[in-house]
1. Under 5 Å between amide H atoms, partner at least 5 residues away or on a different chain: which partners does G158 have, H built in plane at 1.01 Å?
2. Mind listing the phi-derived Karplus ³J(HN,Hα) values for the stretch 60-66, rounded to whole Hz, using 6.51, -1.76 and 1.60 with θ = phi - 60°, and x for any glycine or proline?
3. I'd like the FRET efficiency for T133 and L107, computed as 1/(1 + (r/R0)^6) with the beta carbon distance as r and R0 of 45 Å, rounded to 0.05.
4. Could you pull out every residue, at least 5 positions away or on a different chain, whose amide H is within less than 5 Å of the one on K18? Hs are placed 1.01 Å off N in the peptide plane, and Pro or chain starts have none.
5. In a shell of Cβ-Cβ distance under 13 Å around K72, excluding K72 itself, what net charge do Lys and Arg (+1) and Asp and Glu (-1) give?
6. Please compute one quarter of the surface area of the Cα convex hull for the stretch 273-317 and express it in square nanometres.
7. Beta carbons within 10 angstrom, averaged per residue: use that to sort the peptides 150-159, 358-367, highest first.
8. ³J(HN,Hα) across the stretch 287-295 via Karplus (A = 6.51, B = -1.76, C = 1.60, θ = phi - 60°), whole Hz, x for Gly/Pro?
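Here, each number is a calculation from the coordinates, and none is a lab measurement. What you see is a predicted model; the values in this text were computed from it and never measured. Glycine also receives a Cβ, built like all others from the backbone with ideal geometry; neighbour counts cover every protein chain displayed.
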Amino acid sequence: MGCGLRKLEDPDDSSPGKIFSTLKRPQVETKTDSAYEYVLLDFTLEASSNPEVIKISSVLDIASKVEEYYSKGYVVGAVHPIILPIGRRRSFPASHMYRVVLSRLKLSQKHAAPRGQRHPRLVIEECPLMCETLTNEVVKELLEKVNEAAKRGKKFVGFVTQHFPQPKACNGASTDGSAELESTLGRRNREHRRKNSDENYKNWNEGTLSGHSSESGIEEETQGESTLLQDADFQFGKEVSPVKPRKGDDKLYTVFNVFDDDSTCWTYHEGVLSMKVTRKGPVISTLEADWLELTTFYYKQGLSLIDSFVHWETSKGDYLPKSLEGLFIYEEEGAGVPGSNRKGNDAIVVEQWTVIEGCEIKTDYGPLLHTLAEFGWLLTCVLPTPIVRHD
């Protein structure tokens, strides 16, 4: 991952990665009363020879895979694809991989874990989509539903997309030679999905999503539950979730942490996200945006960046340099009464390339994240960019 970031302060050459901040480096590396511990888990939808990568059949499976960590006090703070599945990139092995970042407050003799404390749970819900393209307007409508869920003790983690590739075929037949059966079943499944989508869309608009949900490993037809734990003051990363869902090919999921205690509420706001992109053919080669400047205003108001959305696809042949408009999604904790004594947050943005070989991640932001955790920086989101280099 990588993109051009305008920095307010030139980082020291010995800095662990490219950190862009309104703070001086000594301030970033100042010990606080709090420190965090992180666990990074990698998942894949395809078979992998790497034993450290966890095999799943659907994004929904992630909820059961992290249940053990929740019992130890960890909470998912970010879920993101390793590579954005755009265009030809869908065939890359890493395009079927997801990274999940969990965090917990580092316990000390001063801060002992309360006995009998009930932990939140991770819930992942499928969002019914009735459109071919996920636009800013559609995301804003989905955000209204997220705000309704937040009033019921659900803390938003982010949106995640799963791409469903077409079955591989050889000479017009499927791998087992049952092309006709596969075609028939595919048609029936599409009809079934369309019927379910129509019903889900109706329920979604009525405020009660009745679709697939995964909570602690259980998939069922239920009213979705979901949400997250983070009064975040650490914006990590880059750029954003894309998506051009086609009916039956892509699915969009909403990730939440759910708390039994609904005394705390959250509100989610969209903010402007503007950038300039240059393409070499259909491939984005450079990307420029003032991420830090775009988010600092909201952080000073006590909000935190949770997720973002950009529609990366372009019409065929439209490869000229241009500006793209997307959305940042910010989280506000509490009622947000004007004039309240809400404490502002400091924000830092880190740019980091991820080096991948097959399904093995050679280099990424993990080591830097663990270093910053010791200084009390809390991860709020990881935003992948569509910049890919083959060298």
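1. So G158 has HN proximity to V255.
2. 4, 5, 4, 4, 6, 6, 9
3. Numbers: r = 46 Å, r/R0 = 1.02.
With a Förster radius of 45 Å, E is 0.45.
4. Placed amide hydrogens put E351 under 5 Å from K18.
5. -1
6. 3.7
7. Going by the mean number of other Cβ atoms within 10 Å, highest first, we get 150-159, 358-367.
8. Residue by residue, the stretch 287-295 yields 9, 10, 7, 8, 4, 5, 5, 5, 9 Hz.
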